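One structure is given below, encoded as structure tokens.
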Amino acid sequence: MTTPDNYRIKPQHRERSALVYIRQSSPGQVRENIESAYVQLGLRKVAIELGWQDPKVIRDDMGISAGGFADRPGFQKMLTEITMRSVGIIFAVEASRLSRNSRDWAQLFELCGFFDTLVGDLDQIYDLSVPNDRLVLGIKGTIAEMELSVIKNRLRTGAESKAARGELKFLLPPGYSHDPSGRMVLDPDIRI
């Protein structure tokens, strides 16, 4: 990341830690979207290139959604370190990886702005004490939250439509399967 906004990084930021926050929303994504984790971990190299010696990687929230009010220990750890004035910058592959709900965004923004902690993503470095940076990240956060809501609505509408046609299927417990006509039956495989 060699963007013209690197001027926001001051010596006092480099004297503190760089945190690389990685997260995927579900255990399935952690298993299946391995490349996403590699890309997110690549931000550690970016932090080193920008002058931090040993960036810390926070991966405690792998498999935990940032929407709603999920308990995210990695996010809480990050907030605690910010308030201890030990963090100079937080890196996330995109700002929406940090949170997808307004409550967490507001808390993060307030703390980063007050404790002079920068936020970096693949686009740029943000200084949340600067109104324009706060606005840009606020818009990104609002879009991420709205996007999550739209996706949930679309999935629910699709499920309701399938249910109305009698085609909605759920994951069955072990020992059961769907027959060719779609009915739930005992699994014909005796081993199961």
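What the table shows:
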read-out	value
Difference of contour (0.36 nm per residue) and Cα-Cα distance, I143 to M184	10.7 nm
Fewest-first sequence of L186, L79 by Cβ atoms within 10 Å of each Cβ	L186, L79
Excluding exposed DSSP-loop trypsin sites (Lys or Arg not before Pro) (at most 14 other C-beta within 10 Å), longest clean stretch of the chain	1-84
Extended-chain gain in nm, criterion 0.36 nm per residue less alpha-carbon gap, M84 and E32	15.1 nm
Footprinting exposure proxy for F75, F170, F115 (fewest neighbouring C-beta atoms within 10 Å first)	F170, F115, F75
Above-threshold pairs, the threshold being 31 Å between Cα atoms, out of K77/K140; K77/K162; K77/K169; K140/K169; K10/K140; K56/K152	K77/K162; K77/K169; K140/K169; K56/K152
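No lab work stands behind these numbers, since they all come straight from the coordinates. The structure displayed is predicted, hence computed values, not measured ones. Positions of Cβ are generated from backbone atoms using ideal geometry, with glycine treated the same way; all protein chains shown enter the neighbour counts.
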